[in-house]
Amino acid sequence: MMLNQFLILSAFLFCTGIYGVLARRNGVLVLMSVELMLNAVNINLVAFSAFRASVEGQIFALFVITIAAAEVGVGLAIVLLIYRNSRNSDLDNIDQLKG
Amino acid sequence: MLAEYSAVVPDVAFWIIAVAMGLAALRVVTTKNIVHAALYLVVVLAGAAALYILLTAEFVGWVQVLVYIGAVVILFLFGIMLTRAPRTDTELDNDQRWAAAIVALFFMGVLIVLLVDAFGAKHIVLNDNLQASGRLTADFVKHGHNGQVVRPTVGSAIFQQYVLPFEAISMLLLAALVGAVAMARRD
């Protein structure tokens, strides 16, 4: 297997995540796109771990998975608060700091 | 015969998984039904787990299945339910969709050029890994840990070299748990 096929798949997933973060309006969907980006990074880490035949990449992937779980918990709590304050989870409505 | 088999099968498996993941990822960011987006995300996450297993990172693969598909997607579904998101087809994109697509395509192009330039001819050789891990488990079953050359495994690396980050991340998880409860609680 080429190394690049994993890296380019992961680049594709990352760019899909970028598009989702920028283009989605709903807070839950933005968090899902962030998960896509974190997964792209994990694929990179595990691919390099196999490429270098060392275990460090897998350890970092495990840490990223843990942090992603924490991030989703806090992120969904924030989306829930946004929903309670403005009766929908539309991120375009959060513009109270706009001058 | 066997060598040819083992050289072709991972590539075929990779392309099947990669095409499924790519299409599902596109659907996650374009579908108009938010519950479908969560379910397409499951396909992407399961594909990533399959890739980890393909790369002989079985532990990471199963952690991915347990944590992401088992916990994170369920959290997403709870989030969809609690925010009473519309479950029918609705317009979920904002009006900067085209700018977002241009940014994503530009970044994709830059990344592909850089990756082809940097890693164009590099191959992943898995046979060494596979044999080493097989030998390791066989030795543990037969002789135990009697001074042989043991390749670092995920467990020993986490609990020896990376034990401090491991403990730090457990504190982070606790803090995130308490923080999420404190924020989302009705008072």
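What's the average, rounded to a whole number, of partner chain beta-carbon atoms within 10 Å of each residue's beta-carbon in B:155-161? Could the numbers behind the result be given before it?
On the way: counts 1, 1, 6, 5, 0, 0, 3.
Across the residues of B:155-161, the mean count of other-chain Cβ atoms within 10 Å is 2.
Panel order for B:I80, A:I65, by other beta carbons found within 10 Å of each beta carbon, from fewest to most: A:I65, B:I80.
FRET efficiency for the pair B:A99 and B:L172, taken as 1/(1 + (r/R0)^6) with r the Cβ-Cβ distance and R0 = 30 Å, rounds to 0.30.
Across peptide A:76-82, what mean number of C-beta atoms from other chains lies inside 10 Å of a residue's C-beta? Kindly include the intermediate steps, with their values, before the conclusion.
On the way: counts 11, 9, 4, 6, 7, 2, 1.
Average per residue, whole number: 6.
Each of B:T88, B:T153, B:T83 was scored by other Cβ atoms within 10 Å of its Cβ. Listed from fewest to most, they are B:T88, B:T153, B:T83.
Seen against the Cα atoms of chain A and their longest principal axis, helix A:3-23 is set at about 0 degrees. Counting Cβ atoms of other protein chains within 10 Å of each Cβ in B:84-97 and taking the mean gives 4.
State, as an integer percentage, the relative contact order of segment A:3-97 based on alpha-carbon contacts under 8 Å between residues 6 or more apart. List each step's numbers first, then the result.
Working: 88 pairs, mean separation 27.1, N = 95.
Here the relative contact order equals 29 percent.
Of the trypsin sites (Lys or Arg not before Pro) found in segment B:1-84, the ones in coil according to DSSP and having at most 11 other Cβ atoms within 10 Å of their Cβ are B:R84. Applying 0.36 nm per residue to the separation of B:A121 and B:D89 and subtracting their alpha-carbon distance, the gain on full extension is 7.0 nm.
Here the Karplus curve 6.51 cos²θ - 1.76 cosθ + 1.60, taken at θ = phi - 60°, turns the phi angles of segment A:64-73 into couplings of 5, 4, 4, 5, 5, 5, 4, 5, 5, x Hz, with x standing for Gly and Pro.
Hey, got a sec? Which trypsin sites (Lys or Arg not before Pro) in chain A land in a DSSP loop and have at most 16 other Cβ atoms within 10 Å?
Working: sites: A:R24, A:R25, A:R52, A:R84, A:R87, A:K98; in loops: A:R25, A:R52, A:R87, A:K98.
Sites meeting the loop and neighbour criteria: A:R52, A:R87, A:K98.
The numbers here are math on the coordinates, done by the rules we state, and not lab data. Everything numeric in this text was worked out from a predicted model, so none of it was measured. Neighbour counts run over all protein chains shown; Cβ positions are idealised from the backbone, glycine included.
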